[in-house]
Amino acid sequence: MDLHVLDHVCQLLNQRRADNLPTIPVSINLSPSDFNIDSFIDQVLGITQKYQIPHNMIQFDLMTQPVAVDQQRLKDAAANLRKQGFRICLDRYGGENNDLSTETLLEYNFDYLKVDVRNFNTNRQRAKIILASVINMSRLLKIVPVVKGVEDQAMLNFIRSLGIMLTQGRLLAKEMPEEELSQERDNFESVEERALFSGFNHINVLDPYLETRDRLDNNFENPRPNSIFIVQSQQAKLVYCNSAFRSWTGCAGMTKRSGNT
């Protein structure tokens, strides 16, 4: 990442604030070589301070596996960024980073794990087992899983069955020019919404027994009724449920609507 990129992003966020547009969190790609820049952390802090951008607005995505000579420098810098309130994400897990060693997840503390599903085929049972296992592993490590590369409805339906709340891909939103992005008002998640759905993603709706017959016959969902509700102003809104819950509520005579709690 050229530090000019961070400066430009902070300038755009500052302009949105000046135009009374909603503030939105932004992800910026990093490579291990970025941490070889002298006073990298100080320069990052200086840029965000110049534009008065809260640190929780910026997420740094690590794009490639660190090599041995970068390990300690990168580990210290990533820990420092997290301490300063920035978020760190390991990107392209299962895609270009499919050679990541277990040591990377053991030694580094990530806030998010972006799982690239462009090479997964939801028609293959083995692919489903692998993807469900990765999502389960991420949650057990207290890392928020994010699924990227969602290109078709079948994949979206499957990852929703795993309780995934954070997704990205062209099926959901395509790339747009900066001019259009700068004026966009309503179609981006806010910092508060990101925090809410990140919290949901810590909830493991999968049971740990991925190999059971019930799981394989039930599209990997927990065979027991499972659901997540948001309760606000005495109203309950259903944001996730599995097929067992839908079957149970149907047998109980309940209908799909919000009601007072």
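Structure values in brief
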| quantity | calculated |
| --- | --- |
| Filtered residues of the stretch 169-190 (kept if of a type outside the set (D, E, K, R), modelled with pLDDT under 75 and either open to solvent by 80 Å² or more (accessible area, probe 1.4 Å) or part of a loop (DSSP other than H, G, I, E, B) (or both)) | Q183, N187, F188, S190 |
| Selection within the stretch 124-147 - open to solvent by 80 Å² or more (accessible area, probe 1.4 Å) and under 16 Å from V205 (Cα atoms) | L140, L141, K142 |
| R82 being outside any loop (DSSP other than H, G, I, E, B), modelled with pLDDT under 80 and open to solvent by 20 Å² or more (accessible area, probe 1.4 Å) | no |
| Options L13, L21: the member that is over 22 Å from the mean Cα position of the chain (by Cα) and crowded, with 16+ Cβ neighbours inside 10 Å | L21 |
| Residue in the stretch 1-54 that is farthest from R194 (Cα to Cα), counting only those that are assigned to a helix (DSSP H, G or I) and at pLDDT below 85 | N36 |
| Top-ranked residue of the stretch 191-226 - restricted to ones that are over 20 Å from the mean Cα position of the chain (by Cα) and at pLDDT 75 or above, ranked as least open to solvent (accessible area, probe 1.4 Å) | N226 |
| Meets criteria (at positive phi and at pLDDT 70 or above) for G163 | yes |
| Test: residue in the stretch 103-125 that is modelled with pLDDT under 85, acidic (D, E) and in contact with a strand residue (DSSP E or B) (Cβ under 8 Å, 6 or more places away or on another chain) | no |
| Neighbours by Cβ (under 9 Å, 6+ apart or cross-chain): first from the stretch 142-154, touching a residue at least 40 places away in the same chain (Cβ under 8 Å) and over 7 Å from V115 (Cβ atoms); second polar (S, T, N, Q) and exposed (fewer than 12 other Cβ atoms within 10 Å of the Cβ) | G149/N119 |
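The values are calculated or read from the model by the stated rules, or taken from the named source; none is laboratory data. Computed from a predicted structure; not experimentally measured. Don't worry about glycine lacking a Cβ; one is built from the backbone with ideal geometry, like all the others, and counts go over all protein chains shown. SASA here: full protein model, heavy atoms, side chains in, ligands and nucleic acids out. Shrake-Rupley method; radii C 1.70, N 1.55, O 1.52, S 1.80 Å.
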